[in-house]
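The values are calculated or read from the model by the stated rules, or taken from the named source; none is laboratory data. The structure displayed is predicted, hence computed values, not measured ones. As a convention, Cβ positions derive from the backbone with ideal geometry for all residues, glycine included, and neighbour counts pool all protein chains shown.
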Amino acid sequence: MKEYLIKKGEHRSPATEFKNGERPSIKTEFKKGMVPHNKRDIGFITIRKDKNGRKRRYIKIGDGAYEWQVYTKYLWEKNNGKIPNGMFVHHIDKNSMNDHVSNYQLVDSHTHALLHRENLVGNNKLGKNRKN
């Protein structure tokens, strides 16, 4: 057994020794019906970085913890209907913060990859000194 684990019946410090039912932090406990200070209403828009480090807008579409949607997708579906499988909403000017509907284009995954290939890993090899 590892030394840092607390063995049965062993105590570390008086600060962590509470009796059953004892609540030492009643003043700071979260009480039933309280709303967290950082709760956002449905429709709230925030700016975050995506997995590639680009800034994007997100909109809250529900009250669950994971009910956020990329604003681009939200606006497209609001104006044009559901996005078909395998299709992507592309920003024509490649500015992910320009969320005007006229800046959107629906493209397939292959075309989308070609439009963004300068951002792909190893892009210095694409199209240069290529022998056919």
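Tabulated data for the structure shown
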{"item": "Residue in region 53-73 that is nearest to the chain's Cα centre (by Cα), counting only those that are part of a strand (DSSP E or B) and of a type in the set (A, V, I, L, M)", "result": "Val70"}
{"item": "Residues (surrounded by 13 or more Cβ atoms within 10 Å (Cβ to Cβ), closer than 22 Å to His116 by Cα and not aromatic (Phe, Trp, Tyr)) located in region 55-68", "result": "Arg56, Arg57"}
{"item": "Qualifying residue in region 39-52 (condition: surrounded by 15 or more Cβ atoms within 10 Å (Cβ to Cβ), outside any loop (DSSP other than H, G, I, E, B) and in contact with a strand residue (DSSP E or B) (Cβ under 7 Å, 6 or more places away or on another chain))", "result": "no"}
{"item": "Residues of region 1-41 satisfying the condition of being basic (Lys, Arg), at pLDDT 65 or above and under 38 Å from the mean Cα position of the chain (by Cα)", "result": "Arg23, Lys27, Lys31, Lys32, Lys39, Arg40"}
{"item": "Asn85 being in a helix (DSSP H, G or I) and modelled with pLDDT of 90 or more", "result": "no"}
